[in-house]
């Protein structure tokens, strides 16, 4: 269950992260601006995927938002710290263009690292009835 929850979270994070990195890089934004956009989109897509998955549970929009916040916030936050931190410390990754293998390789590696670090955190949260355990019965 923890691996599934982490993969679910990674999917939303990756969609937002990749879009944010593409947009920020294409517009020539600074690393800070690009990361801010990527993080914002990662949270948006992460929460949206959870809300999409529980839409048939009979909750209103506000209820779905509360569940998504409870289920995903810690996981997304950890993933964003890890993958953006990795992008910042990999030499040249944030300055590489969209056509660069360095950019895409660093981003892929950063997302894999984020999964590896977040998996035990999600396992711990689920074991205590928190995190993705909140939505487990709603799918």
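A compact table of results
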item: Candidate set from the stretch 111-123 (those that are in contact (Cβ under 8 Å) with a residue 40 or more places away in the chain and within 16 Å of residue 87 (Cα to Cα)); member that is surrounded by the most Cβ atoms within 10 Å (Cβ to Cβ); result: 114
item: Flag for residue 115 being part of a helix (DSSP H, G or I) and in contact with a helix residue (DSSP H, G or I) (Cβ under 6 Å, 6 or more places away or on another chain); result: yes
item: Failed item, numbered, when residue 5 is tested on (1) more than 16 Å from residue 113 (Cα to Cα); (2) surrounded by 16 or more Cβ atoms within 10 Å (Cβ to Cβ); result: (1)
item: Matching residues, the stretch 79-105, being surrounded by 13 or more Cβ atoms within 10 Å (Cβ to Cβ) and in contact with a helix residue (DSSP H, G or I) (Cβ under 6 Å, 6 or more places away or on another chain); result: 79, 80, 82, 83, 84, 86, 87, 90, 93, 94, 96
item: Some residue of the stretch 55-75 being within 19 Å of residue 18 (Cα to Cα) and crowded, with 20+ Cβ neighbours inside 10 Å; result: yes
item: Residue list for the stretch 23-55, filter: over 12 Å from residue 8 (Cα atoms) and touching a residue at least 60 places away in the same chain (Cβ under 8 Å); result: 25, 26, 31, 34, 54
item: Residue check, residue 49 within 27 Å of residue 135 (Cα to Cα) and in contact with a helix residue (DSSP H, G or I) (Cβ under 7 Å, 6 or more places away or on another chain); result: yes
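Residue by residue, here is whether (1) closer than 25 Å to residue 4 by Cα; (2) modelled with pLDDT of 90 or more; (3) part of a helix (DSSP H, G or I) holds:
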site	(1), (2), (3)
24	no, yes, yes
32	no, yes, yes
36	no, yes, yes
45	yes, yes, yes
49	yes, yes, yes
64	yes, yes, yes
84	yes, yes, yes
97	no, no, no
121	yes, yes, yes
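The values are calculated or read from the model by the stated rules, or taken from the named source; none is laboratory data. Just so you know, these numbers come straight off a predicted model, no measurement behind them. All Cβ positions, even for glycine, are placed from backbone atoms using ideal geometry, and neighbour counts span all protein chains on display.
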